[in-house]
Amino acid sequence: MSNGTERETWGPYPLILVGAAAGVLAMFIADPRWGGFVLGAVIMIAAALRFAGYGGQLALRSKKIDVITLSVFGFVLVLTSLLLGNNELKAIILSLFAP
């Protein structure tokens, strides 16, 4: 900071933090599948916001690395939460990787 005119912006960080807390709370109170889905969705929303240029406290690395990391992690969480109680979907996905 040169002469105190720059200000640290939070951007969408509080929204993402509240959403993540709601996801973890849903895991404990309601169902781990719903909590994982909410947490993964919030992380993918964070990736979309970071891609759109709303960094704030979400901007830790370069924009490209942040978007890729958050997108992959959010997608894996959503996919895992969908697979927790769905044996048919598990069989379909496992058949994709079968030789």
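List, please: which pairs have Cβ atoms under 8 Å, are six or more places apart or on different chains, and start with a residue in the range 10-34 that is more than 23 Å from L84 (Cβ to Cβ) and end with one that is surrounded by fewer than 17 Cβ atoms within 10 Å (Cβ to Cβ) and among the hydroxyl-bearing types (S, T, Y)?
So the pair list comes out as G11/Y54; P12/Y54.
Report, by residue number, each residue of the range 7-27 that is within 15 Å of the chain's Cα centre (by Cα), surrounded by fewer than 18 Cβ atoms within 10 Å (Cβ to Cβ) and over 13 Å from V38 (Cβ atoms).
Residues satisfying the conditions are Y13, P14, L15, L17.
A short reminder: the numbers here are calculations on the coordinates, not readings from a lab. Everything numeric here is computed off the predicted structure, so don't read it as measured data. Cβ sites come from the backbone with ideal geometry, for glycine too, and all protein chains shown count toward neighbours.
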